[in-house]
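A short worksheet on the structure shown next.
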Amino acid sequence: MSKTEQIPQENGLDNTLALTKEGYLFIKNRMDKYRSDLFETHLLGQKAICISGKEAAKIFYDPALFKREGTPPKRVQKTLTGENAIQGMDGQLHMHRKSLFMSQMDLSHQKELANLAAKEWLAAIPKWEAAEKVVLFEEAKIILCKAACHWAGVPLLETEIKERAEDLAAMVDSFGSAGPRHWKGVSARSNSEEWVKTIIENARAGRINIPEGSPFYAMAFHKELDGNLMEINMAAIELINIIRPIVAISTYITFMALALYENPEYKDKLRTGDEDELERFVQEVRRYYPFTPFLGAKVKKDFAWNGCDFKKDTLVLLDVYGINHDSRIWEKPFEFLPERFRKWTYDPYEFIPHGGGNPAMGHRCPGEGITIEILKTTLGFLVNKVQFNVPDQDLSYDMASIPTLPGSGFIINKIRPLH
């Protein structure tokens, strides 16, 4: 059998338009169509190999086979990640920078940040009681921005909270979009970098004092492998890369509220205060709902896998959404079933909403633990600290839109504290 017959190849000169029309399901649709864990296509004017499945994740996170340098598209760097940041690093440079991030995201930091978020949620109740309605997504952005900046040691004036929260969220909203959404993200990235750069300049000049154990201090005074302080623009970019993903948890929070609304039978279990019940529900939210569609890397050296020749510098996309909904891994993958995590054994290549592999050694997101703790805290707040009504609204979400969100942002009203 020829290679052409073995490896499914998508017809057409370029399938970028199909990707924009199908979004999260673009890769999975073709894996199902071809009954294969890989296929070849052309996206954004270049050849790309799309891969899926547990074994695909294992090779994708093998640093001997794949590299990230030169992979993030410029449009993503100008919105989501910042230019030349940690997401596009490899080797010793990546490990040195990654150790900086990991040092700020251990369990004590995770708990501290979750506690700050819990206080902000409780403090919001009196304002919500007086409001005709509250859009949970909008409130979550502000609450998480305040908690993240407080935790990180970043000075934040009350008058600028909404603006900063909007900019941090806009970077996330724009990474897979074009037109006005993309331009808004570019502007938000520029505004945020200037804001943080100024704060770091003031800190280095001794004009403001910051706690030595804070993420802000760690980024502002981090030394590169050559012993010099990190260049100030890069320090600003990487500090944003700590704060921005925390604000992005507002998307998961909105989907989590939707999960509670659509699956009310779980509320009694969640009200018991059992930490394991909270975590199982949170993990299923992360698995079930769309967040990261796929991740990219480039082939580091020629190799063969699954009958396909991977040539150096070829773009490869790993189907994150598809792996989190792979029927070989998950029973009834398109049903919301938190109890599936009761007997679940952790595998870094089967469950990859924040990427795969070891976060300390590879490219799995170091903020995964922070995400889980904030979601658990927020879930406890929604079921145990507040009561509300969910009026009629558009709760559908568009799988073609990357990233996506329930159309209404999840509106609640008639809000009261739950004693």
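The values are calculated or read from the model by the stated rules, or taken from the named source; none is laboratory data. Just so it is clear, the model here is predicted, and its values are computed rather than measured. We place every Cβ from the backbone using ideal geometry, glycine too, and count neighbours over all the protein chains shown.
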Which residues, counting only those in segment 345-384, are over 25 Å from Pro245 (Cβ atoms) and in contact (Cβ under 8 Å) with a residue 24 or more places away in the chain? Asn384
Would you confirm whether or not segment 53-69 contains a residue that is part of a strand (DSSP E or B) and either of a type in the set (Asp, Glu) or in contact with a Phe, Trp or Tyr (Cβ under 8 Å, 6 or more places away or on another chain) (or both)? yes
Scanning for something part of a loop (DSSP other than H, G, I, E, B), over 25 Å from Leu38 (Cα atoms) and of a type in the set (S, T, N, Q), does segment 343-350 turn up at least one residue? yes
Just the residues that are basic (Lys, Arg) and either in a loop (DSSP other than H, G, I, E, B) or touching a strand residue (DSSP E or B) at 6+ places or on another chain (Cβ under 9 Å) (or both), please, taken from segment 194-213. Arg204, Arg207
With a cut-off of at least 3 residues that are surrounded by fewer than 21 Cβ atoms within 10 Å (Cβ to Cβ) and not hydrophobic (A, V, I, L, M, F, W, C), name the strands (runs of 3 or more DSSP E) lying wholly within segment 234-341. none
Give all pairs with beta carbons closer than 6 Å in which a residue from segment 63-89 that is without any contact (Cβ under 8 Å) to a residue 40 or more places away in the chain and among the small types (Gly, Ala, Ser) meets a residue that is surrounded by 18 or more Cβ atoms within 10 Å (Cβ to Cβ) and assigned to a loop (DSSP other than H, G, I, E, B); count only pairs at least 6 apart in sequence or on separate chains. Gly88/Arg68; Gly88/Pro72
One residue from Leu13, Leu17 being part of a helix (DSSP H, G or I), over 20 Å from Asp326 (Cβ atoms), among the hydrophobic types (A, V, I, L, M, F, W, C) and at pLDDT below 95: Leu17
Looking at (1) in a helix (DSSP H, G or I); (2) modelled with pLDDT of 95 or more; (3) closer than 22 Å to Thr251 by Cβ, find the lone condition where Lys78 falls short. (2)
Can you work out which of the residues in segment 126-177 that are surrounded by fewer than 23 Cβ atoms within 10 Å (Cβ to Cβ) and polar (S, T, N, Q) is modelled with the lowest pLDDT? Ser177
Please go through segment 254-276 and pick out each residue that is over 22 Å from Phe291 (Cα atoms) and of a type in the set (A, V, I, L, M, F, W, C). Leu270
Cβ-Cβ under 7 Å pairs, at least 6 apart or on other chains, segment 169-187 side in contact (Cβ under 8 Å) with a residue 24 or more places away in the chain and assigned to a helix (DSSP H, G or I), far side hydroxyl-bearing (Ser, Thr, Tyr) and surrounded by 15 or more Cβ atoms within 10 Å (Cβ to Cβ): Ala169/Ser250; Met171/Thr79; His182/Thr79; His182/Ser174; Gly185/Thr79; Gly185/Ser174; Val186/Thr79
Pair list, Cβ under 7 Å, 6 or more apart: segment 406-419 residue within 9 Å of Phe388 (Cα to Cα), other residue hydrophobic (A, V, I, L, M, F, W, C) and assigned to a loop (DSSP other than H, G, I, E, B): Ile412/Val390
Would you call Phe255 aromatic (Phe, Trp, Tyr) and within 14 Å of the chain's Cα centre (by Cα)? yes
Members of segment 394-419 found to be of a type in the set (S, T, N, Q) and either loosely packed, with under 13 Cβ neighbours inside 10 Å or more than 21 Å from Trp128 (Cα to Cα) (or both), listed by number: Ser396, Ser401, Thr404
Which is more than 20 Å from Met95 (Cβ to Cβ), crowded, with 17+ Cβ neighbours inside 10 Å and of a type outside the set (Val, Ile, Thr), of Pro366, Pro359, Pro391, Pro353? Pro353
Before we move on, is Leu239 hydrophobic (A, V, I, L, M, F, W, C) and in contact with a His (Cβ under 9 Å, 6 or more places away or on another chain)? no
I need the full set of residues from segment 201-233 which are in contact (Cβ under 8 Å) with a residue 60 or more places away in the chain and surrounded by fewer than 20 Cβ atoms within 10 Å (Cβ to Cβ), in order please. Ser214, Tyr217, His222, Glu224, Leu225
